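The block underneath contains the structure these notes are about, expressed in structure tokens.
The values are calculated or read from the model by the stated rules, or taken from the named source; none is laboratory data. Predicted model only: the values in this text are computed from it and were never measured. Quick reminder, even Gly has a Cβ in these numbers, built from the backbone with ideal geometry, and neighbours come from all protein chains shown.
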Amino acid sequence: MSSSKHVAIIDCQIAGISGDMIVGALLDLGANATKVVEAMKSVEAYMKGCKNLEVMIRDVTRRGFHAKKVGVKAEEVPEKTGSELIEATVNCIENLKLPVEAKQFASDSINTLVQGSSST
């Protein structure tokens with residue numbers, strides 16, 4: 001019995017895409033909504049000052065296109081430094097049941113984002 005793997009390519013060279021749009025697209029492709037919401041809400045335990053985090057997912061139609069709309073609300077979180085964001089992310093992903101490759105990708109991603117924002 002053969003197993004098939006799928007690859008999704010997101011090319012943002014012409015126009016960007018926001019985090020909520022990526023999450024919505026992944027949910028539309030079949031990601032487990034319960035696990036995604038649990039992972040997003042786990043940030044409360046690792047990000048100092050993050051309280052009352054709510055994640056809402058709903059179906060929307062815009063100009064004939066169906067999509068998942070993801071909304072996130074929380075009490076205002078005090079401004080964080082890049083190193084605080086990296087530390088919170090690393091602590092959070094270490095406690096999620098993710099494959100090693102996914103943890104490394106998340107760690108690399110937050111490091112790239114923080115480094116990129118500090119060079120501007």
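Of all residues in segment 1-53, those satisfying the criterion of being in a helix (DSSP H, G or I), out of contact with any strand residue (DSSP E or B) (no Cβ under 7 Å at 6 or more places or on another chain) and either small (Gly, Ala, Ser) or more than 21 Å from SER109 (Cα to Cα) (or both) are GLY19, ALA25, THR34, ALA39, SER42, ALA45.
When the residues of segment 1-58 are filtered to those that are closer than 20 Å to LEU113 by Cα and acidic (Asp, Glu), which remaining residue is modelled with the highest pLDDT? Among residues in segment 1-58 that are closer than 20 Å to LEU113 by Cα and acidic (Asp, Glu), the one modelled with the highest pLDDT is ASP20.
A residue that is surrounded by fewer than 13 Cβ atoms within 10 Å (Cβ to Cβ) and hydrophobic (A, V, I, L, M, F, W, C) cannot be found anywhere in segment 70-88.
If only one of VAL72, VAL100 is within 16 Å of the chain's Cα centre (by Cα), closer than 23 Å to ASN32 by Cα and among the β-branched types (Val, Ile, Thr), which one is it? Reasoning before the result, please.
Numbers: VAL100 fails: within 16 Å of the chain's Cα centre (by Cα).
Residue meeting the stated conditions: VAL72.
Quick grid of which residues meet (1) of a type outside the set (Lys, Arg); (2) not assigned by TED's automatic domain parsing to the domain that holds VAL7:
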{"position": "ALA25", "(1), (2)": "yes, no"}
{"position": "LEU29", "(1), (2)": "yes, no"}
{"position": "ILE57", "(1), (2)": "yes, no"}
{"position": "ARG63", "(1), (2)": "no, no"}
{"position": "GLU84", "(1), (2)": "yes, yes"}
{"position": "THR89", "(1), (2)": "yes, yes"}
{"position": "CYS92", "(1), (2)": "yes, yes"}
{"position": "LYS103", "(1), (2)": "no, yes"}
{"position": "ALA106", "(1), (2)": "yes, yes"}
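Of the residues making up segment 62-75, those that are assigned to a loop (DSSP other than H, G, I, E, B) and either in contact (Cβ under 8 Å) with a residue 12 or more places away in the chain or within 22 Å of ASN111 (Cβ to Cβ) (or both) are ALA74, GLU75. State whether one or more residues within segment 54-64 are out of contact with any strand residue (DSSP E or B) (no Cβ under 7 Å at 6 or more places or on another chain) and of a type in the set (A, V, I, L, M, F, W, C). No: zero hits.
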